[in-house]
Every structure is written in structure tokens, then in C-alpha cells.
1. State the Kirkwood hydrodynamic radius of segment 263-308 in Å, one decimal place, computed from all pairs of distinct Cα atoms.
2. Extension gain Gln30-Arg268, at 0.36 nm per residue separation less the Cα-Cα distance, in nm?
3. Work out Dmax and Rg for the chain from the C-alpha atoms and quote the Rg first, both in angstrom.
4. Beyond a 19 Å Cα-Cα separation, which of these cross-linked pairs lie in this structure: Lys190/Lys217; Lys215/Lys236; Lys38/Lys94; Lys215/Lys247; Lys5/Lys38; Lys56/Lys107?
5. Specify which residue in the list Pro272, Ser108, Asn260 is farthest towards the positive end of the charge dipole of the chain, using unit charges on the beta carbon of Lys, Arg (+1) and Asp, Glu (-1), about the Cα centre.
6. Restricting attention to segment 207-302, which chymotrypsin sites (Phe, Trp or Tyr not before Pro) occupy a DSSP loop and are surrounded by at most 14 other Cβ atoms within 10 Å?
7. Say each of Met315 and Gln176 gets a label point 7 Å from the Cα, pointing the same way as Cα to Cβ; how far apart are those two points in nm?
8. How far apart, in nm, are the 7 Å Cα→Cβ label points at Phe230 and Asn248?
Amino acid sequence: MVAAKQIEKLSNEALAILSALGVPLARLTQRRRVKMAKAFLALAGMRPGMAWSQAKDSASDGGHQLQSRQIISFMNAHLGENISPGSYDDIRRKDLVLPVEALIVLKSAKNPDANTNDGTRGFALNPNAARVVRSFGSKAWDAALKSFMADRATLAQELSRSRELARIPVKLNAKQALTFSPGKHNQLQKQIIEDFLPLYGYGAEVLYVGDTEDKNKYTNESRLAALKFFELAHDKLPDVLAYSEQKNWLFLIEAVTTANPINELRLRTLKPLTAACTADVVYITAFPDRATYRKFAHDIAWETEVWLADSPQHMIHFNGDKFLGPYAKS
């Protein structure tokens, strides 16, 4: 029990160091954080009972470096893990990818030009970062950290800028715009709003749209309440809701890139939720292209519509007796 508490304390200290050195941790699961911390501890040669002043780096003792399987062996022997040696590639691809990108860890300390799959490559702490690491918990920590971070953009800052540059701008209407996080699903939602609705929406305004990072990206709650639409906290919301005052139509649109078109089961779920809605409801599944549509064509529910972003001026109607529009509520 004592050893477990010591390992947890050491791991938490490792995470505090990594965070202070600019490694972004917020989006990682707890398990990913723990494994990163312990891989970092292995490279530093840190075991319970040791002081951070004893941390090793690529210049220590002729060069302290460990290969992926050696890191796993250290974690198993000293840090309470039971990881299969066959999981060695996770060390490179998951556990140390951020410390390497932040230049806190060197991915091939003795041979920087070694191939990625070279089995002799060894990871090690960067001596420059290690000098800060060895000061952790001492009076010299603040000054050492400040000196190391001076004029140096952290990985967290760089990744934040990269994410911002990659964000997808979306124009909701003449006065409002927002941005989506990058990704195929959000790109399709942008096309729905900027291409589909102007073509087929009869002046429809967006009342709700989610984002893969924020399911409540934009919501016009007062307008939806006036239409007596179901509670937005419901976990079965479609991807986009838009309302045409001209037609009194409410468009329920699913953006499908990998899963969840409006099939008979989905339609059965949505209809009761819109039973009190004062607008007529139109159900639409949007796909980015024909290839994606073909994967789901046999699942599409009758009395719904399909729109393909790569052929924006055409629609596929699973109805039989009308071009586009709502059906009587059942």
C-alpha cells in the first residue's frame, strides 16, 4: 500500500513537471496521463524513494537511454505496471509522443538519424529539460523553469494555434458566423448550412448545430421553444436543426460520414420527440459523397430525404409521391 501511494505521488509530480514544461494534458484520459508519467519516470530513472535531483538524462553516466521494451520493463518492475512487452509500440505512438514533440524527450538520443522502426533507438530526457526537472521541489525550481521557458512557445500553445488555424469557418446568416473544430463531420455540417439550406431550405435559419467538440455549439432556444420542439438536453438530437418560416418546415438533418443515418429505427425515435412541434418536419440525411451514401443506402428510412454534398443541386427522395416536404405525423 505504501509503495502504491509513493508511485502515485511520484507520477503526479511527473505530470506537474510535464504540464509546467508545456505538455498539454487536458484532453488525455486519466490512463493516458498515468502511462505518460510513468514512461517519463522510466527515462529519468526515477523510482519511489528517489529525489528529483537524481533524474538522469541522455548525458548522464555516458548517456542514459531506454528502448521501448526497456521502458515497459522499468514500469513493470518499479512503477506498479503489468504491461505486455508486445505493447512496446504504444510507448512511441501514445505515451511519449507529446513529450517528444515538446522536445523534453529525445526520441533517438545517440543516433538522431535512426529510422523510426530501428530497434536500437533509445529514448532519453533532453539534458536541457533535465536540468529543470532536477530542480523540482527545490528553491531553484521557479528560476530554472522561468529560464527554460523564456522565449519558448510551449507545445500546448503551438497545438492550440494549430487547432485554431485549422478550424472551419461557418456562416450561419448575414450577421452571424462561428467556427467548427476540424474534421470530416464538421466539414459536412458546414456544407449543409452553406450549400444545402440556401438551395432547398426556403430561407431556413439554423436553430441548432453541434460540434464534435461542443454538442451545444449554437442554439436558438427561444425560437425552438416557440415551435414546441423537444427539450434540447435530450441525448438524441440530430446534427442540424433549421426552420423555414416561409414553409413552416423544420428540417432535422443528420450529417453522416461514418455512422447513424436516418434509418427506420432513428425515425421511430425522432417522431415522438417532434409530436408537439407546431412546424411540419422534414427528415434529411446528408452524406459527403456517393461512395459514403452507397454504404448506407439500404438503411435509409422511407419518407425521408438524402442530400449529397458533392452533388449539391440534386436530392434523393425516399418518398415516392412528392419532391421535398413533410409527411403527416403518425
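1. Radius from the Kirkwood sum: 11.6 Å.
2. Full extension of this stretch gives 81.9 nm more.
3. So, for the chain, Rg and Dmax equal 27.0, 81 Å respectively.
4. Lys215/Lys247
5. So the residue furthest toward the plus end is Ser108.
6. Of the chymotrypsin sites (Phe, Trp or Tyr not before Pro), the ones in loops of segment 207-302 whose Cβ has at most 14 other Cβ atoms within 10 Å are Trp302.
7. Placing both labels 7 Å beyond Cα along the Cβ direction yields 2.3 nm.
8. Placing both labels 7 Å along Cα→Cβ, they lie 2.2 nm apart.
No value in this document is a laboratory result; all are computed from the given coordinates. Note that the structure is predicted; figures quoted are calculated from it, not measured. Note: ideal-geometry Cβ built from the backbone for every residue, glycine included; neighbour counts use all protein chains shown.
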